[in-house]
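What follows is a single structure, written as structure tokens, with notes after it.
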Amino acid sequence: MRRFLLFAAALAAFLPLPATGQPGPPLPEPPPPDPARPWLVPPVDGVIGRRFQAPRTDWGPGHRGIDYLLPSAEGVSVRAAASGRVKFAGQVAGFLAVTIQHAGDMETTYSQLNEILVRAGGYVQQGAWIGHAGFAHAVRDPVTELPHSDEGAGLHFGVKVNGRYVDPEDYLGPLDVSDAIHLAPLI
């Protein structure tokens, strides 16, 4: 029995630590935004309640996207940030999510949805409605950055480039609202 324990201890010394163990070496910097990649439109009209926090290691803590705060989840439609093919539409860990593959090895993910309006394999244009918002998983006050005591309406939005999570705000362009704004004559 003593030999077995010595062998097991020696073997454990050479095995890598699990993801919950000590942090590994820092991850290399993600690629900078590339002008050839598509500009993304905001997926919802709302303020950002929690910003991207890059993890130091592949499995380390962080926030791999941004959370939008919404006044209410009911009726808030979520738009495709760019044109592309729906790679996934379904449930992940009990929550509804959609992932869209775009040009330039970019993909966007929309999590915590209340309803999905697209199917995997389908093509969507930028701005097309892909679902309805649900509840954000980590709502924070945009001014104080302190978490709220309860969850609220929102959307988690993530962006990957070449398989690596990047800060979505680096890729967000302006939302063209010119078709929504109309001047009315004064009477």
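Karplus-based coupling profile of region 89-95, in residue order and whole Hz: 8, x, 9, 10, 6, x, 10, with θ = phi - 60° in 6.51 cos²θ - 1.76 cosθ + 1.60 and x standing for Gly or Pro.
Amide hydrogen proximity for Ala120: with H placed 1.01 Å from N in the peptide plane, the residues at 5 or more positions away or on another chain lying under 5 Å are Ala89.
A cut-off of 5 Å between modelled amide H atoms, ignoring neighbours fewer than 5 places along the same chain, links Gly49 with Asp67, Tyr68, Leu69. Here the Karplus curve 6.51 cos²θ - 1.76 cosθ + 1.60, taken at θ = phi - 60°, turns the phi angles of region 111-126 into couplings of 10, 6, 6, 9, 7, 10, 10, 10, 10, 4, x, x, 9, 10, 8, 4 Hz, with x standing for Gly and Pro.
Values in this text are rule-based calculations from the coordinates and carry no lab data. Since the structure is predicted, the reported quantities are computational estimates derived from the model, not experimental observations.
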